[in-house]
Ligand code: SAH
(Lines give C-alpha, C1' and ligand atoms only; values in the text may rest on other atoms or scores of the structure.)
Protein backbone atom coordinates (compact mmCIF):
# COMPACT_ATOMS: atom_id res chain seq x y z
CA UNK A 1 0.00 0.00 0.00
CA UNK A 2 1.31 3.44 -0.91
CA UNK A 3 0.35 5.85 1.81
CA UNK A 4 0.21 9.59 1.24
CA UNK A 5 -0.47 12.72 3.25
CA UNK A 6 -4.10 13.15 4.40
CA UNK A 7 -4.96 9.44 4.01
CA UNK A 8 -7.14 8.15 6.83
CA UNK A 9 -6.11 4.95 8.58
CA UNK A 10 -7.57 2.73 11.27
CA UNK A 11 -4.95 1.05 13.42
CA UNK A 12 -4.41 -0.75 16.73
CA UNK A 13 -1.74 0.84 18.94
CA UNK A 14 0.60 -1.98 19.91
CA UNK A 15 3.46 -0.12 21.51
CA UNK A 16 4.59 3.28 22.68
CA UNK A 17 7.78 5.09 21.71
CA UNK A 18 10.27 6.75 24.02
CA UNK A 19 8.42 10.06 23.79
CA UNK A 20 5.11 8.43 24.66
CA UNK A 21 3.76 8.39 21.10
CA UNK A 22 1.49 5.51 20.08
CA UNK A 23 2.91 3.03 17.59
CA UNK A 24 0.73 0.93 15.30
CA UNK A 25 1.45 -1.25 12.29
CA UNK A 26 -0.45 -2.11 9.11
CA UNK A 27 1.17 -4.82 6.98
CA UNK A 28 4.61 -4.02 8.36
CA UNK A 29 4.23 -0.26 7.79
CA UNK A 30 4.68 1.68 11.05
CA UNK A 31 2.61 4.66 12.19
CA UNK A 32 3.60 7.05 14.97
CA UNK A 33 0.53 8.68 16.48
CA UNK A 34 0.89 11.25 19.24
CA UNK A 35 -1.69 11.06 22.06
CA UNK A 36 -2.72 7.49 21.19
CA UNK A 37 -1.91 4.97 23.92
CA UNK A 38 -1.08 1.29 23.87
CA UNK A 39 -4.24 -0.79 23.38
CA UNK A 40 -6.25 1.98 21.63
CA UNK A 41 -7.96 1.30 18.29
CA UNK A 42 -7.79 4.68 16.55
CA UNK A 43 -8.58 6.53 13.37
CA UNK A 44 -5.78 8.86 12.33
CA UNK A 45 -4.83 11.15 9.46
CA UNK A 46 -1.42 10.79 7.86
CA UNK A 47 0.66 13.96 8.15
CA UNK A 48 4.07 12.94 6.85
CA UNK A 49 5.19 9.79 5.02
CA UNK A 50 8.76 8.45 5.23
CA UNK A 51 10.32 5.26 3.99
CA UNK A 52 8.62 2.43 5.90
CA UNK A 53 6.89 4.67 8.42
CA UNK A 54 4.63 7.69 8.75
CA UNK A 55 3.48 10.23 11.31
CA UNK A 56 -0.26 10.50 11.73
CA UNK A 57 -2.59 12.74 13.72
CA UNK A 58 -5.07 11.19 16.11
CA UNK A 59 -8.64 11.89 14.92
CA UNK A 60 -10.86 9.46 16.84
CA UNK A 61 -10.35 6.84 19.49
CA UNK A 62 -12.58 4.07 18.09
CA UNK A 63 -12.02 1.59 20.93
CA UNK A 64 -10.25 3.02 23.98
CA UNK A 65 -7.51 1.00 25.62
CA UNK A 66 -8.17 -0.52 29.03
CA UNK A 67 -4.98 1.34 30.07
CA UNK A 68 -6.59 4.68 29.21
CA UNK A 69 -7.84 7.09 31.84
CA UNK A 70 -9.36 10.58 31.66
CA UNK A 71 -6.52 13.03 32.26
CA UNK A 72 -7.17 15.38 35.17
CA UNK A 73 -5.52 18.30 33.38
CA UNK A 74 -7.51 20.09 30.70
CA UNK A 75 -4.51 21.39 28.81
CA UNK A 76 -2.30 18.32 28.91
CA UNK A 77 -2.35 17.81 25.13
CA UNK A 78 -1.36 21.38 24.25
CA UNK A 79 1.15 21.71 27.09
CA UNK A 80 3.08 18.56 26.30
CA UNK A 81 4.72 18.46 29.73
CA UNK A 82 2.75 15.35 30.72
CA UNK A 83 3.11 13.13 27.67
CA UNK A 84 1.42 10.09 29.20
CA UNK A 85 -1.23 11.51 31.51
CA UNK A 86 -3.87 9.60 29.50
CA UNK A 87 -2.41 6.29 30.76
CA UNK A 88 -3.48 4.86 34.12
CA UNK A 89 -0.66 5.18 36.63
CA UNK A 90 -0.17 1.41 36.68
CA UNK A 91 0.20 1.43 32.88
CA UNK A 92 2.64 4.37 33.13
CA UNK A 93 4.86 2.33 35.43
CA UNK A 94 4.67 -0.65 33.05
CA UNK A 95 5.57 1.65 30.12
CA UNK A 96 8.64 2.92 31.98
CA UNK A 97 9.75 -0.56 32.96
CA UNK A 98 9.49 -1.64 29.30
CA UNK A 99 11.39 1.44 28.18
CA UNK A 100 14.33 0.63 30.47
CA UNK A 101 14.37 -3.03 29.44
CA UNK A 102 14.16 -2.18 25.73
CA UNK A 103 17.07 0.22 25.93
CA UNK A 104 19.22 -2.23 27.85
CA UNK A 105 18.53 -4.94 25.31
CA UNK A 106 18.68 -2.82 22.12
CA UNK A 107 21.42 -0.37 23.00
CA UNK A 108 23.24 -2.22 25.77
CA UNK A 109 23.16 -5.59 24.04
CA UNK A 110 22.15 -7.38 27.27
CA UNK A 111 20.01 -10.50 27.27
CA UNK A 112 16.44 -9.94 28.40
CA UNK A 113 16.77 -12.88 30.82
CA UNK A 114 19.78 -11.31 32.45
CA UNK A 115 17.96 -7.98 32.86
CA UNK A 116 14.85 -9.69 34.21
CA UNK A 117 16.98 -11.44 36.83
CA UNK A 118 18.62 -8.23 38.03
CA UNK A 119 15.58 -5.97 37.78
CA UNK A 120 13.57 -5.08 40.86
CA UNK A 121 10.05 -3.62 40.62
CA UNK A 122 9.78 0.03 39.60
CA UNK A 123 9.23 2.37 42.53
CA UNK A 124 6.08 4.41 41.95
CA UNK A 125 4.28 7.07 43.97
CA UNK A 126 1.19 6.48 46.00
CA UNK A 127 -0.18 9.85 44.99
CA UNK A 128 1.45 10.91 41.73
CA UNK A 129 0.34 14.57 41.65
CA UNK A 130 1.65 17.82 43.16
CA UNK A 131 5.09 16.27 43.49
CA UNK A 132 7.27 19.00 41.96
CA UNK A 133 9.00 21.29 44.44
CA UNK A 134 10.16 23.68 41.73
CA UNK A 135 8.44 25.34 38.77
CA UNK A 136 9.37 28.10 36.33
CA UNK A 137 6.50 29.93 34.68
CA UNK A 138 6.99 32.17 31.64
CA UNK A 139 4.97 35.40 31.71
CA UNK A 140 3.45 36.94 28.56
CA UNK A 141 0.46 38.58 26.90
CA UNK A 142 -2.37 36.60 25.32
CA UNK A 143 -4.34 37.40 22.14
CA UNK A 144 -6.70 39.66 24.11
CA UNK A 145 -3.90 41.67 25.62
CA UNK A 146 -4.23 40.03 29.04
CA UNK A 147 -1.16 39.29 31.15
CA UNK A 148 -0.86 35.52 31.49
CA UNK A 149 1.45 32.94 32.96
CA UNK A 150 1.59 29.19 32.45
CA UNK A 151 3.67 26.91 30.26
CA UNK A 152 5.11 26.94 26.80
CA UNK A 153 3.05 24.77 24.44
CA UNK A 154 5.17 21.74 23.45
CA UNK A 155 8.25 22.81 21.45
CA UNK A 156 7.05 26.43 21.01
CA UNK A 157 7.24 29.66 22.95
CA UNK A 158 3.45 30.21 22.94
CA UNK A 159 2.24 30.44 26.51
CA UNK A 160 -0.68 28.29 27.59
CA UNK A 161 -2.31 30.14 30.46
CA UNK A 162 -2.41 27.77 33.41
CA UNK A 163 -1.71 28.71 36.99
CA UNK A 164 -2.92 25.38 38.34
CA UNK A 165 -0.53 22.72 37.04
CA UNK A 166 -1.28 19.43 38.76
CA UNK A 167 2.37 18.51 39.07
CA UNK A 168 3.25 21.62 41.05
CA UNK A 169 2.41 22.47 44.64
CA UNK A 170 -1.02 23.87 45.36
CA UNK A 171 0.37 27.21 46.59
CA UNK A 172 1.70 28.04 43.09
CA UNK A 173 -1.73 29.15 41.92
CA UNK A 174 -2.33 31.85 44.54
CA UNK A 175 1.26 33.10 44.17
CA UNK A 176 0.98 33.38 40.38
CA UNK A 177 -2.43 35.05 40.57
CA UNK A 178 -1.06 37.52 43.11
CA UNK A 179 1.87 38.42 40.86
CA UNK A 180 -0.43 38.87 37.84
CA UNK A 181 -2.71 41.13 39.90
CA UNK A 182 0.29 43.22 40.98
CA UNK A 183 1.40 43.49 37.33
CA UNK A 184 -2.05 44.60 36.17
CA UNK A 185 -2.59 47.10 38.95
CA UNK A 186 0.82 48.69 38.58
CA UNK A 187 1.20 48.44 34.81
CA UNK A 188 4.28 46.23 35.04
CA UNK A 189 4.50 44.59 31.62
CA UNK A 190 5.61 41.08 30.72
CA UNK A 191 8.81 40.67 28.72
CA UNK A 192 8.16 40.08 25.01
CA UNK A 193 10.78 37.87 23.41
CA UNK A 194 10.38 39.23 19.87
CA UNK A 195 10.97 42.86 20.83
CA UNK A 196 13.10 42.46 23.93
CA UNK A 197 10.76 44.97 25.63
CA UNK A 198 8.87 44.55 28.90
CA UNK A 199 9.98 43.59 32.39
CA UNK A 200 8.80 40.30 33.86
CA UNK A 201 10.19 37.21 32.11
CA UNK A 202 9.65 34.24 34.38
CA UNK A 203 8.45 33.38 37.85
CA UNK A 204 10.50 30.76 39.69
CA UNK A 205 8.88 29.04 42.67
CA UNK A 206 10.46 26.50 45.00
CA UNK A 207 9.14 24.77 48.08
CA UNK A 208 10.82 22.73 50.79
CA UNK A 209 8.37 19.87 51.25
CA UNK A 210 9.64 18.94 54.68
CA UNK A 211 9.61 22.50 56.01
CA UNK A 212 6.81 24.20 54.06
CA UNK A 213 9.20 27.04 53.18
CA UNK A 214 8.49 28.72 49.83
CA UNK A 215 10.80 30.84 47.67
CA UNK A 216 9.57 33.30 45.03
CA UNK A 217 12.09 34.60 42.52
CA UNK A 218 10.98 36.97 39.74
CA UNK A 219 13.22 37.00 36.69
CA UNK A 220 13.25 40.47 35.17
CA UNK A 221 14.60 42.30 32.15
CA UNK A 222 15.63 45.35 34.19
CA UNK A 223 17.93 46.29 37.06
CA UNK A 224 15.12 46.84 39.52
CA UNK A 225 11.50 45.82 39.88
CA UNK A 226 9.19 48.84 39.87
CA UNK A 227 6.82 49.00 42.87
CA UNK A 228 8.62 46.03 44.40
CA UNK A 229 7.42 46.97 47.89
CA UNK A 230 3.80 46.55 46.78
CA UNK A 231 4.49 43.06 45.48
CA UNK A 232 6.36 42.10 48.65
CA UNK A 233 3.43 43.27 50.76
CA UNK A 234 1.00 41.12 48.78
CA UNK A 235 3.21 38.03 48.79
CA UNK A 236 4.06 38.27 52.50
CA UNK A 237 0.44 37.46 53.26
CA UNK A 238 0.72 34.03 51.63
CA UNK A 239 1.48 31.33 54.15
CA UNK A 240 4.83 29.62 53.62
CA UNK A 241 6.67 32.33 51.68
CA UNK A 242 9.96 33.07 53.43
CA UNK A 243 12.09 34.34 50.54
CA UNK A 244 11.31 36.89 47.81
CA UNK A 245 13.98 37.87 45.31
CA UNK A 246 14.55 39.14 41.80
CA UNK A 247 16.95 37.72 39.26
CA UNK A 248 18.26 39.99 36.55
CA UNK A 249 18.40 38.68 32.99
CA UNK A 250 18.70 41.38 30.32
CA UNK A 251 20.05 39.06 27.64
CA UNK A 252 18.03 38.19 24.51
CA UNK A 253 18.29 34.47 25.17
CA UNK A 254 16.32 31.32 25.88
CA UNK A 255 18.26 30.83 29.09
CA UNK A 256 15.79 31.52 31.85
CA UNK A 257 17.95 32.97 34.60
CA UNK A 258 20.67 35.56 34.68
CA UNK A 259 23.48 35.53 37.22
CA UNK A 260 22.55 38.25 39.65
CA UNK A 261 20.00 37.62 42.40
CA UNK A 262 18.83 40.48 44.67
CA UNK A 263 16.88 39.65 47.77
CA UNK A 264 13.75 41.77 48.22
CA UNK A 265 12.59 40.27 51.49
CA UNK A 266 13.22 37.35 53.85
CA UNK A 267 15.95 34.71 53.66
CA UNK A 268 18.17 34.14 50.64
CA UNK A 269 17.68 30.37 50.80
CA UNK A 270 14.94 27.96 51.79
CA UNK A 271 15.63 24.79 53.72
CA UNK A 272 14.55 21.27 52.94
CA UNK A 273 15.17 17.98 54.61
CA UNK A 274 15.62 14.53 53.07
CA UNK A 275 15.40 11.32 55.05
CA UNK A 276 16.51 7.78 54.36
CA UNK A 277 13.66 5.39 53.63
CA UNK A 278 13.79 1.77 54.63
CA UNK A 279 12.77 -1.06 52.35
CA UNK A 280 9.14 -1.10 53.40
CA UNK A 281 8.64 2.62 52.76
CA UNK A 282 10.07 2.40 49.30
CA UNK A 283 7.06 0.57 47.94
CA UNK A 284 4.34 2.62 49.57
CA UNK A 285 4.41 6.13 50.99
CA UNK A 286 3.48 5.04 54.48
CA UNK A 287 5.73 7.55 56.20
CA UNK A 288 4.10 10.93 55.77
CA UNK A 289 6.43 13.81 55.13
CA UNK A 290 6.45 16.31 57.95
CA UNK A 291 3.30 18.35 57.53
CA UNK A 292 3.62 21.88 56.23
CA UNK A 293 2.28 23.29 59.44
CA UNK A 294 5.07 21.80 61.54
CA UNK A 295 7.90 24.15 60.75
CA UNK A 296 11.18 23.23 62.31
CA UNK A 297 14.25 25.26 63.13
CA UNK A 298 17.66 24.27 61.79
CA UNK A 299 18.63 22.76 65.14
CA UNK A 300 15.57 20.56 65.11
CA UNK A 301 16.39 19.25 61.64
CA UNK A 302 19.78 18.17 62.87
CA UNK A 303 18.27 16.03 65.56
CA UNK A 304 15.81 14.46 63.13
CA UNK A 305 17.23 10.96 62.83
CA UNK A 306 19.46 10.34 59.85
CA UNK A 307 17.91 13.01 57.67
CA UNK A 308 20.00 15.66 56.01
CA UNK A 309 19.07 19.30 55.58
CA UNK A 310 19.81 21.37 52.52
CA UNK A 311 19.79 25.09 51.84
CA UNK A 312 18.35 25.89 48.42
CA UNK A 313 18.95 29.16 46.56
CA UNK A 314 17.28 30.31 43.31
CA UNK A 315 20.22 28.92 41.31
CA UNK A 316 20.89 25.65 43.11
CA UNK A 317 20.19 22.32 41.55
CA UNK A 318 17.96 20.17 43.73
CA UNK A 319 15.97 17.13 42.69
CA UNK A 320 12.40 18.23 41.88
CA UNK A 321 10.49 15.33 43.42
CA UNK A 322 11.64 15.05 47.04
CA UNK A 323 9.32 12.15 47.92
CA UNK A 324 10.82 9.93 45.23
CA UNK A 325 14.31 11.36 45.67
CA UNK A 326 14.39 9.99 49.21
CA UNK A 327 13.61 6.55 47.80
CA UNK A 328 16.12 6.92 44.96
CA UNK A 329 18.96 7.89 47.30
CA UNK A 330 18.00 5.22 49.81
CA UNK A 331 18.28 2.59 47.08
CA UNK A 332 21.62 4.06 45.95
CA UNK A 333 22.96 3.91 49.52
CA UNK A 334 21.62 0.37 49.94
CA UNK A 335 23.25 -0.73 46.68
CA UNK A 336 26.56 0.83 47.77
CA UNK A 337 26.67 -1.76 50.59
CA UNK A 338 28.49 0.54 53.02
CA UNK A 339 29.78 -0.68 56.38
CA UNK A 340 31.70 2.37 57.56
CA UNK A 341 35.12 1.47 56.20
CA UNK A 342 34.68 2.39 52.55
CA UNK A 343 36.15 5.16 50.45
CA UNK A 344 33.43 6.40 48.10
CA UNK A 345 33.63 8.68 45.05
CA UNK A 346 30.40 10.42 44.04
CA UNK A 347 30.78 11.77 40.51
CA UNK A 348 28.37 14.43 39.16
CA UNK A 349 27.49 15.12 42.79
CA UNK A 350 25.54 18.39 42.39
CA UNK A 351 25.04 19.97 45.81
CA UNK A 352 26.31 16.78 47.44
CA UNK A 353 22.98 15.12 48.10
CA UNK A 354 24.02 11.52 47.45
CA UNK A 355 27.51 12.17 48.87
CA UNK A 356 26.11 13.35 52.18
CA UNK A 357 23.74 10.38 52.46
CA UNK A 358 26.65 8.03 51.77
CA UNK A 359 29.02 9.85 54.14
CA UNK A 360 26.98 8.77 57.14
CA UNK A 361 27.83 5.14 56.35
CA UNK A 362 31.28 5.40 54.73
CA UNK A 363 34.79 6.26 55.89
CA UNK A 364 35.13 9.12 53.44
CA UNK A 365 33.21 10.43 50.43
CA UNK A 366 34.76 12.48 47.63
CA UNK A 367 32.37 14.39 45.39
CA UNK A 368 33.12 15.81 41.93
CA UNK A 369 30.91 18.43 40.30
CA UNK A 370 31.39 20.81 37.38
CA UNK A 371 29.41 23.77 38.72
CA UNK A 372 31.39 25.74 41.29
CA UNK A 373 28.36 27.12 43.11
CA UNK A 374 26.99 23.60 43.55
CA UNK A 375 30.28 22.55 45.17
CA UNK A 376 30.14 25.55 47.51
CA UNK A 377 26.58 24.51 48.38
CA UNK A 378 27.76 20.93 48.93
CA UNK A 379 30.48 22.11 51.32
CA UNK A 380 28.04 24.26 53.24
CA UNK A 381 25.51 21.45 53.35
CA UNK A 382 28.18 19.15 54.80
CA UNK A 383 29.01 21.72 57.49
CA UNK A 384 25.35 22.37 58.21
CA UNK A 385 24.87 18.67 58.91
CA UNK A 386 28.09 18.26 60.93
CA UNK A 387 29.52 15.99 58.26
CA UNK A 388 33.32 16.09 58.23
CA UNK A 389 34.18 13.07 56.08
CA UNK A 390 33.16 14.56 52.72
CA UNK A 391 35.47 16.43 50.33
CA UNK A 392 34.31 18.10 47.13
CA UNK A 393 36.18 18.96 43.95
CA UNK A 394 35.10 21.47 41.29
CA UNK A 395 35.63 20.31 37.73
CA UNK A 396 34.59 17.87 35.07
CA UNK A 397 34.56 14.27 36.25
CA UNK A 398 36.41 13.26 33.06
CA UNK A 399 39.24 15.69 33.90
CA UNK A 400 39.41 15.62 37.71
CA UNK A 401 39.28 11.84 38.09
CA UNK A 402 42.03 10.90 35.56
CA UNK A 403 44.19 13.73 36.83
CA UNK A 404 43.94 12.69 40.49
CA UNK A 405 44.39 9.04 39.55
CA UNK A 406 47.58 9.75 37.59
CA UNK A 407 49.06 12.14 40.13
CA UNK A 408 47.89 10.68 43.43
CA UNK A 409 46.73 7.17 42.64
CA UNK A 410 43.35 7.75 44.25
CA UNK A 411 41.40 4.70 45.38
CA UNK A 412 37.70 3.83 45.70
CA UNK A 413 35.76 0.92 47.17
CA UNK A 414 32.59 2.28 45.66
CA UNK A 415 32.06 4.79 42.86
CA UNK A 416 28.66 6.38 42.43
CA UNK A 417 27.80 8.28 39.24
CA UNK A 418 24.71 10.40 38.59
CA UNK A 419 25.41 12.05 35.23
CA UNK A 420 23.14 14.34 33.20
CA UNK A 421 21.18 12.84 30.27
CA UNK A 422 24.17 12.48 28.00
CA UNK A 423 25.66 9.96 30.40
CA UNK A 424 29.31 9.55 31.43
CA UNK A 425 32.23 10.75 29.37
CA UNK A 426 34.56 8.03 27.96
CA UNK A 427 37.52 9.37 29.92
CA UNK A 428 35.52 9.17 33.11
CA UNK A 429 34.47 5.56 32.46
CA UNK A 430 38.01 4.56 31.47
CA UNK A 431 39.37 5.93 34.75
CA UNK A 432 36.65 4.16 36.73
CA UNK A 433 37.78 0.90 35.11
CA UNK A 434 41.40 1.63 36.08
CA UNK A 435 40.40 2.43 39.66
CA UNK A 436 38.55 -0.92 39.72
CA UNK A 437 36.15 -0.24 42.63
CA UNK A 438 34.39 -3.30 44.06
CA UNK A 439 31.03 -1.74 43.32
CA UNK A 440 29.69 0.94 41.00
CA UNK A 441 26.32 2.52 41.68
CA UNK A 442 24.98 4.16 38.53
CA UNK A 443 22.06 6.58 39.02
CA UNK A 444 20.67 7.48 35.61
CA UNK A 445 18.02 9.82 34.24
CA UNK A 446 18.28 8.46 30.69
CA UNK A 447 18.14 4.73 30.14
CA UNK A 448 19.53 5.02 26.58
CA UNK A 449 22.86 6.51 27.67
CA UNK A 450 22.76 4.25 30.75
CA UNK A 451 22.57 1.23 28.43
CA UNK A 452 25.53 2.51 26.39
CA UNK A 453 27.65 3.09 29.52
CA UNK A 454 26.68 -0.26 31.10
CA UNK A 455 27.73 -2.02 27.92
CA UNK A 456 31.18 -0.49 28.29
CA UNK A 457 31.46 -1.24 32.01
CA UNK A 458 30.27 -4.81 31.51
CA UNK A 459 32.78 -5.51 28.76
CA UNK A 460 35.47 -4.20 31.10
CA UNK A 461 35.12 -6.35 34.17
CA UNK A 462 31.73 -5.48 35.69
CA UNK A 463 28.47 -7.32 36.08
CA UNK A 464 24.96 -5.97 36.66
CA UNK A 465 23.82 -7.26 40.05
CA UNK A 466 20.72 -5.19 40.72
CA UNK A 467 18.69 -2.66 38.81
CA UNK A 468 15.68 -0.63 39.90
CA UNK A 469 13.72 2.01 38.00
CA UNK A 470 12.27 4.83 40.10
CA UNK A 471 9.45 7.04 38.89
CA UNK A 472 10.62 10.54 39.70
CA UNK A 473 8.41 12.20 37.11
CA UNK A 474 4.91 10.69 37.00
CA UNK A 475 2.88 11.52 33.84
CA UNK A 476 6.02 12.27 31.85
CA UNK A 477 8.01 9.77 29.79
CA UNK A 478 11.10 10.16 31.98
CA UNK A 479 12.36 7.43 34.25
CA UNK A 480 15.29 7.24 36.66
CA UNK A 481 17.20 4.06 37.32
CA UNK A 482 19.64 2.85 39.95
CA UNK A 483 22.02 0.08 38.94
CA UNK A 484 24.46 -1.87 41.08
CA UNK A 485 27.49 -3.21 39.23
CA UNK A 486 30.00 -5.50 40.92
CA UNK A 487 33.50 -6.22 39.83
CA UNK A 488 33.51 -9.75 38.42
CA UNK A 489 36.30 -10.71 40.80
CA UNK A 490 33.95 -10.27 43.77
CA UNK A 491 30.51 -10.40 42.26
CA UNK A 492 27.95 -12.60 43.98
CA UNK A 493 26.24 -13.64 40.77
CA UNK A 494 29.39 -14.35 38.83
CA UNK A 495 28.81 -15.39 35.25
N1 SAH B 1 23.76 13.77 42.22
C2 SAH B 1 23.16 15.08 42.25
C3 SAH B 1 23.16 15.81 40.90
C4 SAH B 1 22.77 15.03 39.70
S5 SAH B 1 22.46 16.01 38.25
C6 SAH B 1 21.77 15.00 42.81
O7 SAH B 1 21.15 13.94 42.81
O8 SAH B 1 21.26 16.01 43.28
C9 SAH B 1 23.96 15.91 37.37
C10 SAH B 1 25.02 16.87 37.87
O11 SAH B 1 26.18 16.67 37.06
C12 SAH B 1 24.69 18.34 37.73
O13 SAH B 1 24.90 18.95 38.98
C14 SAH B 1 25.70 18.88 36.69
O15 SAH B 1 26.12 20.19 36.96
C16 SAH B 1 26.83 17.92 36.85
N17 SAH B 1 27.70 17.73 35.67
C18 SAH B 1 27.38 17.76 34.37
N19 SAH B 1 28.43 17.42 33.60
C20 SAH B 1 29.45 17.17 34.44
C21 SAH B 1 30.81 16.74 34.25
N22 SAH B 1 31.28 16.55 33.03
N23 SAH B 1 31.57 16.54 35.34
C24 SAH B 1 31.08 16.75 36.59
N25 SAH B 1 29.80 17.16 36.82
C26 SAH B 1 29.01 17.36 35.77
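The values are calculated or read from the model by the stated rules, or taken from the named source; none is laboratory data. Remember, predicted model here, so these are calculated numbers, not experimental data. Every residue, glycine among them, receives a Cβ derived from its backbone with ideal geometry; neighbour counts consider all protein chains shown.
Report yes if some residue within segment 130-142 is surrounded by 20 or more Cβ atoms within 10 Å (Cβ to Cβ), under 14 Å from residue 35 (Cβ atoms) and modelled with pLDDT of 95 or more; otherwise report no.
Among the residues of segment 130-142, not one is surrounded by 20 or more Cβ atoms within 10 Å (Cβ to Cβ), under 14 Å from residue 35 (Cβ atoms) and modelled with pLDDT of 95 or more, which makes the answer no.
Looking only at segment 338-372, which residues are more than 12 Å from the ligand (Cβ to nearest atom), in contact (Cβ under 8 Å) with a residue 40 or more places away in the chain and in contact with a strand residue (DSSP E or B) (Cβ under 6 Å, 6 or more places away or on another chain)?
Selection gives 342, 343, 344, 362, 366.
For segment 423-442, give me the residue count where each residue is out of contact with any helix residue (DSSP H, G or I) (no Cβ under 6 Å at 6 or more places or on another chain) and outside any helix (DSSP H, G or I).
So the count comes out to 5.
Considering only segment 390-410, I want to know if a residue exists there that is in contact (Cβ under 8 Å) with a residue 60 or more places away in the chain, more than 10 Å from the ligand (Cβ to nearest atom) and on the phi > 0 side of the Ramachandran plot.
Step one: filter segment 390-410 for residues in contact (Cβ under 8 Å) with a residue 60 or more places away in the chain, giving 410.
With more than 10 Å from the ligand (Cβ to nearest atom) added as a condition, the list becomes 410.
Narrowing further to those that are on the phi > 0 side of the Ramachandran plot: none.
Within segment 390-410, not a single residue is in contact (Cβ under 8 Å) with a residue 60 or more places away in the chain, more than 10 Å from the ligand (Cβ to nearest atom) and on the phi > 0 side of the Ramachandran plot.
Quick check on residue 286: is it at pLDDT below 95, exposed (fewer than 13 other Cβ atoms within 10 Å of the Cβ), assigned to a helix (DSSP H, G or I) and within 27 Å of the chain's Cα centre (by Cα)? Don't jump to the end; show me each part of the working.
On the way: at pLDDT below 95: yes; exposed (fewer than 13 other Cβ atoms within 10 Å of the Cβ): yes; assigned to a helix (DSSP H, G or I): no; within 27 Å of the chain's Cα centre (by Cα): yes.
No, not satisfied.
Looking only at strands (runs of 3 or more DSSP E) that lie completely in segment 349-417, which have at least 3 residues being in contact with a helix residue (DSSP H, G or I) (Cβ under 8 Å, 6 or more places away or on another chain) and crowded, with 22+ Cβ neighbours inside 10 Å?
Values: elements: 364-369, 390-394, 414-417.
Output list reads 364-369, 414-417.
Mind listing whichever residues of segment 255-280 are assigned to a loop (DSSP other than H, G, I, E, B) and either in contact (Cβ under 8 Å) with a residue 40 or more places away in the chain or closer than 25 Å to residue 356 by Cβ (or both)?
Going through segment 255-280, the residues assigned to a loop (DSSP other than H, G, I, E, B) turn out to be 255-259, 267-269, 275-278.
Of everything in segment 255-280, those that are assigned to a loop (DSSP other than H, G, I, E, B) and either in contact (Cβ under 8 Å) with a residue 40 or more places away in the chain or closer than 25 Å to residue 356 by Cβ (or both) turn out to be 256, 257, 267, 268, 269, 275, 276, 277, 278.
Can you tell me which residue is nearest to the chain's Cα centre (by Cα) among those in segment 432-457 that are within 13 Å of the ligand (Cβ to nearest atom) and farther than 23 Å from residue 403 by Cβ?
445
I need a count of the residues in segment 93-113 that are assigned to a helix (DSSP H, G or I) and buried (at least 17 other Cβ atoms within 10 Å of the Cβ). Steps first, please.
Initially, segment 93-113 is screened for residues assigned to a helix (DSSP H, G or I), giving 93-106, 112-113.
Still in the running and buried (at least 17 other Cβ atoms within 10 Å of the Cβ): 93, 95-96, 99-104.
Number satisfying all stated conditions: 9.
Select from segment 320-337 the residues that are more than 13 Å from the ligand (Cβ to nearest atom) and not in a helix (DSSP H, G or I) and list them in ascending order.
337
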